[in-house]
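Everything on this sheet refers to the single structure shown next.
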Amino acid sequence: MNFAILRFPGSNCDFDALHVLTSVVPGATARFAWHKETELGSCDAVVVPGGFSYGDYLRAGAMAAHSPILGAVRAFAERGGPVLGICNGFQILCEAGLLDGVLVRNASLRFECRDVHLVVEGRPTHWTAAIPAGRILKMPIAHAEGRYLHAEIDVLEREGRVLFRYADAAGGVDAAANPNGSTNNIAGVASRRGNVVGLMPHPERAAEAILGSSDGRLLFESLVARGGRV
Amino acid sequence: MTPEVSVALAAEHGLSPEEFERICTLLGRTPTYTELGIFSVMWSEHCSYKSSRVHLKQLPTSGPRVIQGPGENAGVVDIGDGDALIFKMESHNHPSFIEPYQGAATGVGGILRDVFTMGARPIACLDSLRFGRPDHPRTPHLIEGVVAGIAGYGNAFGVPTIGGDVAFDASYDGNILVNAMAVGIAPRDRIFLGCASGVGNPVLYIGAKTGRDGIHGATMASAEFDDESDAKRPTVQVGDPFTEKLLLEACLELMATDVLVGIQDMGAAGLTSSSVEMAGRAGSGLELDLDRVPRRETGMTPYELMLSESQERMLLVAQAGRESEVLALCDKWDIDAAVVGRVTESGKIVVTSGGEVVAAIPIAPLVEGLKYERPMARPEWQSRVQTLELPPPPADLGQALLAVLGSPSVASKEWVWRQYDHMVGDRTVVRPGSDAAVVRIIGSAKGVAATSGCNSRFCYLDPYEGAKLAVAEAYRNLSATGAEPLAVTDCLNFGNPERPEIMWQFAEAVRGIADACRALETPVVSGNVSLYNETDGQAIQPTPMIGMVGLLVRADRSVTQPFKAGQQEIALLGTNSDEIGGTEYLYVVHGRTAGRPPRIDLAREAAVGRAARELGQAGLIASAHDCSEGGLAVALAECCITGKLPIGATIELGDPMRGDLLLFSEAPSRIVISYPAAAAEQVQAIAERNQAPLQRLGTTGDHRLIIRSAGEPLVDLALAELISVYCNGFRRVVEGAA
């Protein structure tokens, strides 16, 4: 599986994703795709990494959604290609309309960096098909604007497009386990078709035991194991 | 209208009549207005180190691992396998007090540039912060702003902020400290220096455009505060971490080619200091054409262009004929770039604007600056504060422990570091909150540990001993994680050096750092001096902040402070003492800052450190935590409550001394360790081999911390009580009582 990792000038988890997809996940290869390009080139999946795309002084991801490379990502997604947005990548995909909903300032009004637990659920997608429903994953978050809101949250829920929910270590979903005030503790969602997925926590920071968790690898391995099929 | 240059105008620039006279003699004429500006910043305390230089000479700066000592943008040490660590600490105290968010943010930006200008990708930041009394009306606002500023800049730039410390004292009411440290990694044969060599080579400006912000920041940092300091807000720069990120990537890509000759960031005193210092190091001259400087405001005068401290700018010297390669790369990253001058052999800096020469100054006297041997005198109050009549012990030692553990200087700083992205980069193995943080070196088994801090109360009571203790504590923090301490960067924060007692404090502290660094074989490779930290004659406690980096052969064997399991043995490397002077206990429980700091035997410190490192890297111990603020009792409490799950302990002490002194003495060279009973023999053998005393303390388990001495109960507390005060002690300062 060959991954294209988008590189905006303010991306700062670009090298982290590259490291995980070249040195950690078996069967994965990766390269950067520069934001000024209009073509992705040959690839099997796209990762939109975390960071501050163009500084994000406006709304997080607002400018990146209109960048040249996003046109190519949109075409790739329309063909059913798997796309994963992490943190700022999730914000960008929401701004670009590839995912529903918006991510606004954390309820605490502060940047939050710490480990959280996620419970996996929803319909199978490229990025989660190999992870059993109900599995608890430990991963870090690091964001100031991760509070997920959606105008028709019931529809999203009904369609099984909520993939990750903030939970406690035992899987309990309640307000105490919600780090940012997201509606229904939502940490990650899928597109209607299921090939585009975004989440605020950082799977690429939780891909090796020495960093405290290797649960994040499951997302990438899920895709690689099934050769990009759901 | 260009003001007329006179002694009075020079005085407004912080130059004394003698200094002005010297400028006139040097030039053989009255300086132009632009020249006066250039002299005033280059000869400011901040840039020239004119009061401190004679003392800094004492510091040991060389060693087998040192690649670059002081005098460059940052220090460089060899960590093997072709890698080098580049690191430095710097203050941004004055701006952070006036405008906490931007002051702290640009402090982080400045120190990052110092590190990546030498070719390193920054892999960690640490911030040591000092605030005034927790209940001072301004304190919560200052904490909020400073922490948000550090987070806002570092998080967006993409460097993990992994450590530092925060403490409070009334002496910082009018002068907070923001000391930022950055650590980067680079191939050891690809280190770039700030050197303008090669006559005819082009000088290029890259990065953000120049505005009027920060003019005379360096001069502001070289004067005391008074009632009008708020009016200095316009001299605080504004940071843009996004542009800094572009600059970083552009610089690193440029450095991967062979087009660069030298490079330096435009920090304090902006275009002036970068150009003058680069030419000074090369012994060359420089021509600058200000008409070509990218700018974001109209009508800027040569004086303003030379003195602006606009952020996110670099000056570089490229190989002649290869300007276009630099310009193309800057275009890729969408940053401004322009050829603004060339290297000459004149030994002068010649600045033109509109075809006219506006400054022509010999470089040597500008960079050699001034050197003062200011008068020193031991303060008349020094002996008085060192006298301590032992107060009677408190009735309830458990309550005393809760009071000390909940003191804002001791309590958990999670509120702070949760706002810092401390994991970006995929390197953070030990996160903030332990003795030292650890980042791994990707592609190897190795790790880098880093710590920064200083107990200023000890330095106030005895600057020489206090400085030694600060170095020893940093050394101990690293050793506890298992890292071999390599080298030091320091940030020396003091009051007004024109006062003999401040100068004495400074000299004593530098002597203490020098002695400790020599004994512990940790040379000082970079640093910064921040003087004039005083307001209306009230100086801060002397605060020689020590940043230290260490190397772990195996990052996966980094040791952290909390107990890991029940039924494990607890022991102390080192020995207890009843020295209580200058302790947090004395301050919190008895309201006193008095006595002498504890004595330190540096050979003992080294022995305890060696033993801890060997134990850690051998994988024998489950936890290690040094005894510092709050003494043995606080160290034990932190071991119990800072892990994923709280684990209690039962401790039996036998030292023949008063209970409160035993619990709360801050005697150095002590590390609390825990290990499975099966490892006890090996632990004993390693301690003995390293000549480190080892004293069995007790056993982990249950949900209480019980400390007895000679069978008598001293402390018996539920962990929940400890957790409550520890978690809220700091947070309530900013958020109010929960």
Exercise for the section: Along Cα→Cβ, 7 Å out, is where each label goes; now give me the distance between the ones at B:SER324 and A:ASN2 in nm to one decimal. Expected result: 3.2
Fill in the blank from the handout: For peptide B:148-157, the mean count of other chain Cβ atoms within 10 Å per residue Cβ is 3
Practice task
Taking only protein heavy atoms into account and a 1.4 Å probe, give the accessible area per residue of the protein assembly as shown in Å².
Solution key: 33
Handout entry: Filtered GluC sites (Glu not before Pro), region B:238-301: DSSP coil and at most 14 other beta carbons within 10 Å
Key = B:GLU297
Handout entry: Per DSSP, loop trypsin sites (Lys or Arg not before Pro) in region B:1-88 with at most 11 further Cβ within 10 Å
Key = B:ARG29, B:LYS57
Fill in the blank from the handout: Interface buried area B-A, accessible surface with 1.4 Å probe, both sides summed, nearest 100 Å², comes to 2700
Practice task
Filter the trypsin sites (Lys or Arg not before Pro) in region A:162-230 to those in DSSP coil with at most 12 other Cβ atoms within 10 Å of their Cβ, and list the result.
Solution key: A:ARG192, A:ARG193, A:ARG229
Fill in the blank from the handout: Within 10 Å of the Cβ of an average residue in B:190-197, the count of other chain Cβ atoms is 0
Completion exercise
What helix-only [θ] at 222 nm does the protein assembly as shown give? Using -39500 (n - 2.57) per DSSP H run of at least 4, over all residues, to the nearest 500, the answer is -9000 deg cm²/dmol
Problem - Largest-first ellipsoid semi-axes for chain B, taking √(5λ) over the Cα gyration tensor eigenvalues, angstrom - result: 46, 27, 22
Exercise for the section: Of the DSSP beta bridges with both residues in the protein assembly as shown, give the percent that are antiparallel, rounding to the nearest 5. Expected result: 75
Exercise for the section: Give the long-range amide H neighbours of A:GLU112: residues separated by 5 or more places, or on another chain, with amide H under 5 Å away, using H modelled in the peptide plane at 1.01 Å from N. Expected result: A:HIS143, A:ALA144
Problem - Fraction of accessible area attributable to carbon and sulfur, chain A (%, probe 1.4 Å) - result: 52
Problem - Ellipsoid equivalent to region B:513-571 - semi-axes via the Cα gyration tensor, in Å - result: 36, 19, 12
Completion exercise
Expressed as a whole number, the average count of other chain Cβ atoms within 10 Å around the Cβ atoms of A:204-211 is 4
Problem - Cα→Cβ-extended label distance, 7 Å offset, between A:ARG123 and B:MET657, nm - result: 7.0
Problem - A:ASP174 versus B:GLU414: modelled label distance in nm, points set 7 Å from Cα along the beta carbon direction - result: 1.7
Exercise for the section: Any chance you could check region A:85-112 for residues losing 50 Å² or more of accessible area when the partner protein chains are in, compared with the chain on its own (1.4 Å probe)? Expected result: A:ARG110, A:PHE111
Problem - Estimated vicinal HN-Hα couplings, Hz - region B:429-436 in sequence order (Karplus 6.51, -1.76, 1.60; Gly, Pro = x) - result: 9, 10, 7, x, x, 9, 4, 9
Practice task
Summarise the accessible area of chain B (1.4 Å probe, protein heavy atoms) by the percent that is carbon and sulfur.
Solution key: 50
Problem - Eligible lysines near B:LYS348 by straight Cα distance, threshold 17 Å, same-chain separation 8 or greater - result: none
Exercise for the section: For region A:3-21, list whatever residues lose no less than 10 Å² of accessible surface once every protein chain is in place, relative to that chain by itself, with the probe at 1.4 Å. Expected result: A:ARG7, A:PRO9, A:GLY10, A:SER11, A:ASN12, A:PHE15, A:ASP16, A:HIS19
Exercise for the section: Calculate one ³J(HN,Hα) per residue across region B:716-723 by plugging θ = phi - 60° into the Karplus curve 6.51 cos²θ - 1.76 cosθ + 1.60, and present them in order as whole Hz with x for glycine and proline. Expected result: 8, 10, 6, 4, 4, 5, 5, 4
Handout entry: Value of relative contact order over region A:2-225, rounded to a whole percent, pairs C-alpha under 8 Å and six or more apart
Key = 20
Fill in the blank from the handout: Those residues in region B:236-254 that give up at least 30 Å² of accessible surface, probe 1.4 Å, once the partner protein chains are present instead of the chain by itself are B:PHE242, B:LYS245
Fill in the blank from the handout: Amide H contacts under 5 Å for B:LEU551, restricted to residues at least 5 apart in sequence or on another chain and with H modeled in the peptide plane, are B:ALA449, B:GLU484, B:LEU486
Problem - Links that overshoot a 22 Å alpha carbon limit, given the list A:LYS138/B:LYS564; B:LYS209/B:LYS245; B:LYS209/B:LYS332; B:LYS245/B:LYS332; B:LYS50/B:LYS209 - result: B:LYS50/B:LYS209
Exercise for the section: For chain A, just say rounded, prolate or oblate: build the C-alpha gyration tensor, square-root its eigenvalues into a ≥ b ≥ c, call rounded for a/c under 1.5, and beyond that prolate if a/b exceeds b/c, oblate if not. Expected result: rounded
Practice task
Go through region B:400-408 residue by residue and turn each phi into a ³J(HN,Hα) via Karplus (6.51, -1.76, 1.60, θ = phi - 60°); whole Hz please, and just put x for glycine and proline.
Solution key: 4, 4, 4, 5, 6, 5, x, 5, x
Problem - Quarter of Cα convex hull surface for the protein assembly as shown, i.e. mean projection, nm² - result: 37.6
Practice task
Search the structure for amide H atoms under 5 Å from the amide H of B:THR210, placed 1.01 Å from N in the peptide plane, and list their residues when 5 or more places away or on another chain.
Solution key: B:ARG295, B:ARG296
Exercise for the section: Report relative contact order for chain B in percent, whole number only (criteria: Cα-Cα under 8 Å, sequence separation at least 6). Expected result: 15
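The values are calculated or read from the model by the stated rules, or taken from the named source; none is laboratory data. What you are looking at is a predicted structure, and each value in this text was computed from that prediction instead of being measured. Cβ: placed from backbone, ideal geometry, glycine included. Neighbour counts: every protein chain shown. In case anyone asks, the SASA skips ligands and DNA or RNA and just uses the protein heavy atoms, side chains included. Shrake-Rupley method; radii C 1.70, N 1.55, O 1.52, S 1.80 Å.
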